[in-house]
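Just below is one structure, and these are the notes that go with it.
The values are calculated or read from the model by the stated rules, or taken from the named source; none is laboratory data. Computed from a prediction, not measured in an experiment: that's the story for all the values here. Counting neighbours? That spans all protein chains shown, and the Cβs are built from the backbone with ideal geometry, glycine included. Protein only, heavy atoms only, side chains kept; ligands, DNA and RNA dropped before computing areas. Shrake-Rupley method; radii C 1.70, N 1.55, O 1.52, S 1.80 Å.
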Amino acid sequence: MKPVDTLNLPADAVDPADVMDVPLEGSSAQPASLRRDLMTLVKARMNFLVIVTTLLGMYMAARGSVGWMLLIHTLLGTALTAASASVFNQIIERDHDRKMPRTRNRPLPAGRMSLAAAHWIGWITGVVGVSWLWVAVNPLTSLLGFATLVLYVFVYTPLKRSTTLNTLVGAIPGAIPPLMGYTAVANTIDLAGLSLFAILFVWQMPHFYAIAMIYRDDYAAGGYRMLPVDDPGFVNTRFHIVLWSLALLAISVAPRMLEIAGDGYLAIAMLLGTIFGGCALQLAASPTRRDARRVFFASIIYLPLLLAALTLNKL
């Protein structure tokens, strides 16, 4: 792979990692902007993926219909727990967010929300979310939610400034929600549930490495040790993107091997994995902005299509 020093990206490019953050304008705390600030603080749109994957886990575990009350309790508790993780993440990173163009207009670094208010929101959503899961769903799902919160806030967040392994660690809490949905129904962890965890875990690696590759300068300015920041030629980064994309192709067959999805799912998984792997190989050969963006967009197209195939071809 040919080394390259920069992708020469425009400084005003929008970071795909924050496409779920609502853009904010101005600094006054008018009612409409307060609503947007709250949505940004809890990363409402980004956490929509958490809800979708949790719902998928519930569906794959069900051997019949899922009761509406269990569905509501699981999704509500999971959403509150995910919101808490997002809030505490932004509390910890507020000073670093001020240094990055894509995050400096968030409510905390921009000064539109007090630190005390953010703490209240974080604690209330976290305590209520984990407790709700314990009481209304089951202790196992609650413990998984608590583990997600702790890993994301107290392990992954500080590691972002100390080691490039942070992406690997951060993918763990990012992959737990479908397992939470699974345990909400099955009340156990088995290979079928773990296969959902594994798919989402592996998918995150090339997805976030591509983002970090595109926005290396932004992450460097914020003091974050993403792999591309310590990899000026992107050689290691491109190698990891290819490696994880191939691993994704391999792990995506697990639902068929475990007989929780049919041959139709397998065919779609192989097709999607091959296309995604091809994008990764193209990036390895030609580390341009267009190729890095292609991997990112391929990843966000890949996941919903794979999940849809898994849902429609469930055995």
Residues other than Thr157 with Cβ under 14 Å of its Cβ, Lys/Arg counted +1 and Asp/Glu -1, net out at +2
Check: in the chain the Lys pairs 8 or more apart or on separate chains whose Cα atoms fall under 29 Å apart number 4
Rounded to the nearest 0.05, FRET efficiency between Val135 and Leu191 (Cβ-Cβ, R0 45 Å) equals 0.95
Note to self: with every protein chain in place and a 1.4 Å probe, the range 37-168 gives an accessible area per residue in Å² of 45
TM-like helix rule applied to the chain (DSSP H, alpha carbon span at least 27 Å on the long axis, mean Kyte-Doolittle at least 0.0) gives 68-92, 115-136, 166-186, 191-214, 263-285, 289-312
What helix-only [θ] at 222 nm does the chain give? Using -39500 (n - 2.57) per DSSP H run of at least 4, over all residues, to the nearest 500, the answer is -22000 deg cm²/dmol
Rounded to 0.05, the calculated FRET efficiency for the beta carbons of Arg104 and Arg161 at R₀ = 22 Å is 0.85
Of the candidates Ile300, Tyr219, Leu258, the farthest towards the positive dipole end of the chain (Lys/Arg Cβ +1, Asp/Glu Cβ -1, centred on the Cα centre) is Tyr219
Taking alpha-carbon centroids only, the range 189-238 lies from the range 78-123 a number of Å equal to 22
In whole percent, the fraction of accessible protein surface over the range 58-133 that belongs to carbon or sulfur atoms, probe radius 1.4 Å, stands at 69
Ranked output for segments 300-310, 155-165, 191-201 by mean other Cβ atoms within 10 Å, highest leading, reads 191-201, 300-310, 155-165
In whole percent, the fraction of accessible protein surface over the range 137-193 that belongs to carbon or sulfur atoms, probe radius 1.4 Å, stands at 73
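So how do 179-189, 266-276, 232-242 stack up, highest first, on mean other-Cβ count within 10 Å?
Working: 179-189: 23.5, 266-276: 17.5, 232-242: 20.2.
Highest mean packing first, the order is 179-189, 232-242, 266-276.
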In terms of the charge dipole of the chain, which places +1 on Lys and Arg and -1 on Asp and Glu at the beta carbon, the residue among Pro101, Thr237, Leu191 farthest towards the positive end is Pro101
To the nearest 20 debye, the chain has a Cα-centred charge dipole, built from +1 on Lys and Arg Cβ and -1 on Asp and Glu Cβ, of 280
